[in-house]
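First the structure, in the form of structure tokens, and then the observations on it.
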Amino acid sequence: MRKCRLLGALGVVTGSILIAAGHSALAEPNPLRDAYFGETHMHTGLSLDAYIGGTRLMPGDALRYAKGEAVTLPDGSVVQHRRPLDFAAVTDHAEYIGEMYSTIFEDAPGHDNEDLLTLREMTDIEDRQHWFFKYVVSSNRSASPKHPPFYAGPGTTKSAWQVIVNAAEAHNDPGNFTALIGFEWSAAPGGANLHRNVIFRDADVPDIVPSYIEINEEENLWKWMGEQEAQGRHALAIPHNSNASKGRMFPDTDSFGDPVDLDYARTRQHFEPLIEMMQVKGNSEVHRKFWAADEFADFENADSIQKNSGRTYHRRDFVRGGLERGIAKKAELGVNPFKYGFTGGTDNHNGLMSAVAEDAFQGAHGPEDGTVERRRTGDVLGWIDGKDLSIGALAGVWATENSRAAIWDAMKRRETFATSGPRIKVRMFGGVGLSELADPVAMAEEGYVLGTHMGGDLPSIGTAPTFTVHAEKDPDGANLDRIQIIKGWVDMNGDINEKIVDVVWSGDRKIDPLTGKLPPVGNTVDVSTAKFANDIGAPVLMGAWTDEDFDPQDHAFYYARAIEIPTPRWSTYDAVRSNRPLLDDVPATIQERAWGSPIWYAPAQ
């Protein structure tokens, strides 16, 4: 535990590879890997709920926006991403993509159906909300979802899926921009959010994909994925919004009521290497109610989710709770079913990939949250109050190059991170005898040779491990406050424990010997103007921590969390721009952050 080690520059050169805040296409793969930012959770007009909300952008439009090209919205306005992404996947709901193909394409079967004529002409928000409840909520949150009467058959589903595949093929540009192929399987039995985004490694994909209507349980989704794997295809699934899962995301029993067993644990771990940490419907890391000792747990908690579908929060609904349950299951079964690395997404239903700037948030669900008034006083029907929305999150990977295979492989090995919007880079290695270094390249070189990267496993060891951490601020964003390591472990009695360690921080602050806490970094935000001074914090933080309390008989996980200095929340920008008072029940400032995937330890069997 120490104050920050400042680096003179954000970029360093190793051989012919430039590692910097921005990067160009690599001529050769970088064995030390670069950070790439992207989106793996976003909806276009092929998602029924997005179309109901007025979205007309198609998968190709969304990918053009992700690449930094201008796109035109239905109202005639032109929008362009401030900062193009490195990779992206359109993940429209598999439920109803066939119906949406019939709706949108004039030559499609069923296009002239009266219900679809009504849908195409709908503009009133109450009519749209009625449709949302009738065709989305009532079906998809039931135990027996069905296609609506205007479904024209599997041929339309195949055609819609081909639109998504063709768009990704057209926009994939290895070395510059990776367009991944994916879809969302949107199970919500009894209102419990068990949605998964399924991402393929390459263009070898089936000619049709399943929805919650065809496959009702995640176990059977994994079975389907196994069938694809047997045919030479490669796919992974990413669960999201565990905060709305009603205790079912990290369960003790499977979908059929049987105890989670070894086969379940092996299958889930194989097909689900990542979980979405945060999106527009809140942060799923932790909640202040269950982690009162974590001073940063009160962050985009999205409490109003609990107003809908009986989605009362439980400790087990949050990712850290899931990690804790996972190592307990590892101790019990020998395999961890909840061995998740971290990723982020937006879940935007407007076709705009990773529109994650706090100072430019315009909502994510059309008229539901598309005005200042709706965001302040309205709600996204069936989900969340407008004021509780976040801007979403970004996915980050450490990959050898910007290609489908390299990005997907980084996801599969969990060498990933998530951010709450800014392009913060965070990295951690773990191992015995790692050095505290001042050079991030040297840290990576040593970490890959002598240690374990984020998402990996420490070997069985009898000596306390050391963890090296490095974080860089968003080049266009705020400075960093600190890097923490969160440790969770199961002791010999089967009890779950955790501690949070401030590893490295900005300035000359010192840990309070009485409270064990690091003093706050300060706050320069002027809430009357929604401006802040970036004269506290540090642009780069780097340090090391040795777990002196390590017990080689305990199952454990460790992950890094990098915290920014305070900045204005989107709701504060809204208030200042519209000359309205600040909302009194959401924070005016926040501390954005990045989470690195865990490193796990298990004693020898």
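Here are the numbers:
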{"read-out": "Cα-derived Rg to Rh of the stretch 457-605, Kirkwood definition", "value": "1.08"}
{"read-out": "Sparsely packed chymotrypsin sites (Phe, Trp or Tyr not before Pro) within the stretch 61-163, loop by DSSP, other Cβ within 10 Å at most 13", "value": "none"}
{"read-out": "Principal axis dimensions, the stretch 497-546 - Cα atoms, whole angstrom, descending", "value": "42, 24, 23"}
{"read-out": "Net lengthening on full extension, E114/D127 (0.36 nm per residue, minus Cα-Cα)", "value": "3.1 nm"}
{"read-out": "Global size of the stretch 52-135 as Cα Rg and Dmax, reported in angstrom", "value": "14.8, 42"}
{"read-out": "Sequence-separation-based contact order of the stretch 426-581, relative, with Cα cut under 8 Å and 6+ spacing, percent", "value": "31 percent"}
{"read-out": "Once the Cα gyration tensor of the stretch 400-464 is diagonalised, semi-axes √(5λ) in Å", "value": "23, 15, 12"}
{"read-out": "Size-normalised alpha-carbon gyration radius of the stretch 72-197, reference 2.2 N^0.38 Å", "value": "1.20"}
{"read-out": "DSSP-loop GluC sites (Glu not before Pro) across the stretch 94-128, with at most 11 other Cβ within 10 angstrom", "value": "E106"}
{"read-out": "Cα principal axis extents for the stretch 115-155, largest first, Å", "value": "29, 25, 11"}
{"read-out": "Dimensions (Å) - the stretch 407-542, Cα atoms, principal axes, largest first", "value": "53, 42, 27"}
{"read-out": "Tilt relative to the chain, helix 319-333 - C-alpha long axis, 0 to 90 degrees, to 10", "value": "80 degrees"}
{"read-out": "Stretch gain in nm, segment E332-V432, where the contour uses 0.36 nm per residue and the Cα spacing is subtracted", "value": "33.4 nm"}
{"read-out": "Beta bridge orientation in the chain: antiparallel %, DSSP, nearest 5", "value": "85 percent"}
{"read-out": "Accessible surface ranking that places the most exposed of K67, K289 first, with a 1.4 angstrom probe", "value": "K289, K67"}
{"read-out": "Alpha carbon convex hull of the stretch 200-262, volume per residue in cubic angstrom", "value": "115 Å³"}
{"read-out": "Cα-based equivalent ellipsoid, the chain: semi-axes from gyration tensor eigenvalues, Å", "value": "37, 27, 24"}
{"read-out": "Candidate aspartates and glutamates for bridging to K517, where Cα separation is under 20 Å - those fewer than 8 sequence places away on the same chain excluded", "value": "D294, E295, D298, D481, E498, D502, D508, D547, E548, D549, E564, E592"}
{"read-out": "Additional length obtainable on full extension of the chain from R233 to A70, 0.36 nm per residue less Cα span", "value": "55.3 nm"}
{"read-out": "The chain - percent of accessible surface contributed by carbon and sulfur, probe 1.4 Å", "value": "50 percent"}
{"read-out": "Three semi-axes of the equivalent ellipsoid, the stretch 284-420, Cα gyration tensor, whole Å, largest first", "value": "29, 23, 12"}
{"read-out": "Ranking by accessible area, most exposed first, for R248, R64 with a 1.4 Å probe", "value": "R248, R64"}
{"read-out": "Over 30 Å between alpha carbons, listed pairs K146/K223; K330/K510; K223/K499; K67/K329; K223/K246; K330/K473", "value": "K330/K510; K223/K499; K67/K329; K330/K473"}
{"read-out": "Area of E373 that stays accessible when all protein chains are in place (1.4 Å probe, Å², to 10)", "value": "80 Å²"}
{"read-out": "Relative contact order, percent, the chain [alpha-carbon distance under 8 Å, six or more residues apart]", "value": "16 percent"}
{"read-out": "Per residue, in Å², the accessible surface of the stretch 201-261 once ligands and nucleic acids are set aside, probe 1.4 Å", "value": "39 Å²"}
{"read-out": "For the stretch 336-468: relative contact order, % (alpha-carbon pairs under 8 angstrom, 6 or more apart)", "value": "22 percent"}
{"read-out": "Surface accessible to a 1.4 Å probe, K499 within the full protein complex, Å²", "value": "50 Å²"}
{"read-out": "Cα-Cα pairs of the stretch 149-210 separated by more than 19 Å (percent)", "value": "44 percent"}
{"read-out": "With DNA, RNA and ligands ignored, accessible area of I208 (1.4 Å probe; Å², nearest 10)", "value": "50 Å²"}
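The values are calculated or read from the model by the stated rules, or taken from the named source; none is laboratory data. Please read these numbers as outputs of a predicted model, since none were measured by experiment. Positions of Cβ are generated from backbone atoms using ideal geometry, with glycine treated the same way; all protein chains shown enter the neighbour counts. The protein model used for the area step is the full one, side chains on, heavy atoms only, and it has no ligands, DNA or RNA in it. Shrake-Rupley method; radii C 1.70, N 1.55, O 1.52, S 1.80 Å.
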